[in-house]
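Below is one structure; the comments refer to it alone.
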Amino acid sequence: MSDIIQLLPDHVANQIAAGEVVQRPASVVKELLENSIDAGATNIKLLLKDAGKALIQVIDNGKGMSETDARLSFERHATSKIRTAEDLFNLQTKGFRGEALASIAAIAHIELKTKLDLQELGTHIKIEGSEITLQEVVSTPTGTSLSVKNLFYNIPARRNFLKSNQVETRHIIDEFQRVALVHPTISFSLYHNDNEVYRLNASNLRQRIVAILGKKTNERLVPVNEDTDVVQLTGFVTKPEFVKKKRGEQFFFVNDRFIKNSYLNHAVNSAFEDLILPGNYPSYFLYLTVPPNTIDINIHPTKTEVKFDNEKVLYAIIRATVKHSLGQYNVSPVLDFNRDAGLDTPYNFKDKKVSKAPQITIDRDFNPFKSDEQKSISFPYKREQKQDWESLYVDIKTPEIDIKNIEVQSELIETELFDAKESISKTHQIHRKYIVSSIKSGIVFINQNLAHQRILYEEYLTHITVNDAMSQQLLFPLDINLSKDDILLIKELRSDIESTGFLFDKIEDEKIVVSGIPVAINESQVISVLEQLLEDIKNEIPETSFSQIDIMAKSMAKSLAIKNGKTLNVEEQESLVEDLFSCKEPNHSPFGRPTFISMELNEIDKKFDL
Ligand code: ADP
Ligand code: MG
């Protein structure tokens, strides 16, 4: 019998390999995005048609390829990223197998345009069924644009196996998010059928998380940081009160790759035990950096499962660090807001008659070197003296805060605050931006602008949601000229925008006629408030109609909040403080900045060596 073994032709081998590398459009997206990142891109654009089934195009401003490299990149095992087996243990790049492009080219139509920085002209290549069908020079920007069309065109079984557009798009968005969450300093955009789905500007990690998961996320994040010899751990977890019923927002990244690891996932969940009810899941974004030689990322072709050398140690570190962060978060809100009248600045002190002069008796016999017992008895400031001081203030009246439907969200803070029933009433404005008030445990500094943003935000949110925003009729309607896309936006969101109190008489091609405005603003502010509103809506991810409302409330709050630098009289200060602490979430501005800071008495004491 003759020999029957043959070497498979390349395109067949590639098709087989493609089965492993490319399961669905999302796999192509992942490979192309990772290639762009490896190429040093700072701006990456992803265009999709038909959930990636018709087109996946990635345009980057990375280093591009030479003509030869452009051809070679589609060969199997062609990679610029490793040279020797040792390199495998010290990977600095996402790719290294050199098979992604070869695999994709075996099952789709490819069009590549690429140019190196110093070249005048670039290379244009088209490939069908692993064959180059066109190659020419082309004028194209530095970087690479790679289009993958008609995925699985030559494997009908695979094509038919793909899920609905909705499901495939979801998979793509998952991959996109995972990549974008690791590279906040790279700008990413995503367009589906010419509609912008994401535009993520270069930012820091917190901003990137918020840009992807929505502005609400900001105030929910608790930072996690730990640096050990085994692992450097950074990122965020969400506060226990914001846990979800679904596991969707759980992200582990190891050395800048998204990974799944149920063991480490358990470590995070267990740090939350006792804090959340069963069936709820914390969201987390945890970034582990470990020495490359302590992990094996080679374990799975799509590389989401990673094996660690020292999983047990990692488990312990992750659990302890997350617990610690949560503890800190839980501790810090327990600023004791119960007021101790004895520590208050007597606001109307000068009008008071001092009934009895405070006495300070000093124990002249005090000798710190005497026995312990003696020391404690002869402590120079005796207990009764403090009571004398207190008696000075007991009859100073403090008005009560009206506790309006407080919804328990930042539970700790609110209960601590309002249990007291003694309001924070005595206020001083300093430097025309901070309101200072004393509380039992020390002193708070409230920033007038950020606090007012919070107050207005919650106010608008309620008004817009229940649609009862007050509008003031203008005697003379205002004509405002706007760009076409702004007009388009107003048309789309007219009822939402009108629910803030704006009333549009006419919406024309490039002009609107405003006949009513929110009561909180005056005519001279109309244009700036409206423009800011449109800008903020545009910069936001189109999600649910709720988030639209959220954006508008934030935008108006930002535009209209009392600015720093404005002098506030006592009534204004007091009502600001009162309104702030009647908010559902008084401790943060709508954009997640603190509205106040506090200083504990013992911190102050320490500074005086008391
Ligand atoms: P790998 O990423 O594992 O090296 P790929 O098949 O994904 O393998 O890519 C092959 C090679 O093509 C890469 O090593 C790189 O040199 C080059 N390449 C791919 N995409 C790009 C890109 N967007 N910009 C520059 N070079 C690229
Ligand atoms: Mg690659």
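Assorted remarks:
- Residues that are within 16 Å of ligand 1 (Cβ to nearest atom) and assigned to a loop (DSSP other than H, G, I, E, B), drawn from segment 132-150: 140, 141, 142
- Looking across segment 148-162, the residues that are away from ligand 2 (no atom under 16 Å from the Cβ) and either closer than 30 Å to residue 234 by Cα or touching a residue at least 24 places away in the same chain (Cβ under 8 Å) (or both) come down to 149, 150, 151, 152, 153, 154, 155, 158, 159, 162.
- Within segment 485-501, no residue that is under 14 Å from residue 535 (Cα atoms) sits with its Cβ atom under 7 Å from a residue that is aromatic (Phe, Trp, Tyr) and crowded, with 19+ Cβ neighbours inside 10 Å at 6+ positions apart or across chains.
- Flag if residue 140 is within 16 Å of ligand 2 (Cβ to nearest atom), among the polar types (S, T, N, Q) and touching a strand residue (DSSP E or B) at 6+ places or on another chain (Cβ under 6 Å): no
- Any hit, segment 306-321, residues being at pLDDT below 80 and surrounded by fewer than 18 Cβ atoms within 10 Å (Cβ to Cβ): yes
- Some residue of segment 459-469 being surrounded by fewer than 18 Cβ atoms within 10 Å (Cβ to Cβ), over 20 Å from residue 585 (Cα atoms) and out of contact with any Gly (no Cβ under 8 Å at 6 or more places or on another chain): yes
- Residue check for residue 518: more than 30 Å from residue 567 (Cα to Cα) and either small (Gly, Ala, Ser) or modelled with pLDDT of 75 or more (or both): no
- Cross-chain or 6+ apart pairs with Cβ under 7 Å, segment 38-63 first and among the β-branched types (Val, Ile, Thr), then within 12 Å of ligand 1 (Cβ to nearest atom) and in a loop (DSSP other than H, G, I, E, B): 42/61
- First in segment 82-101 and polar (S, T, N, Q), second anywhere and crowded, with 18+ Cβ neighbours inside 10 Å, Cβ under 7 Å, 6 or more apart: 93/38
- Candidates 75, 86, 31, 67 - the one that is within 15 Å of ligand 1 (Cβ to nearest atom), within 25 Å of residue 255 (Cβ to Cβ) and in the same structural domain as residue 113 (by TED's automatic domain parsing): 31
- Test: residue in segment 43-55 that is within 13 Å of ligand 2 (Cβ to nearest atom) and either surrounded by fewer than 23 Cβ atoms within 10 Å (Cβ to Cβ) or within 28 Å of the chain's Cα centre (by Cα) (or both): no
- With a requirement of 3 or more residues that are closer than 23 Å to residue 492 by Cα and outside the structural domain of residue 196 (by TED's automatic domain parsing), the helices (runs of 4 or more DSSP H) lying completely within segment 507-610 that satisfy it span 526-538, 545-560.
- Residues satisfying the stated conditions in segment 72-90, i.e. surrounded by 14 or more Cβ atoms within 10 Å (Cβ to Cβ), of a type in the set (A, V, I, L, M) and more than 12 Å from ligand 2 (Cβ to nearest atom): 72, 88
- Condition check for residue 51: in contact with a His (Cβ under 6 Å, 6 or more places away or on another chain) and more than 9 Å from ligand 1 (Cβ to nearest atom): no
The values are calculated or read from the model by the stated rules, or taken from the named source; none is laboratory data. Because the structure is predicted, anything quoted here is derived from the model rather than measured. Quick reminder, even Gly has a Cβ in these numbers, built from the backbone with ideal geometry, and neighbours come from all protein chains shown.
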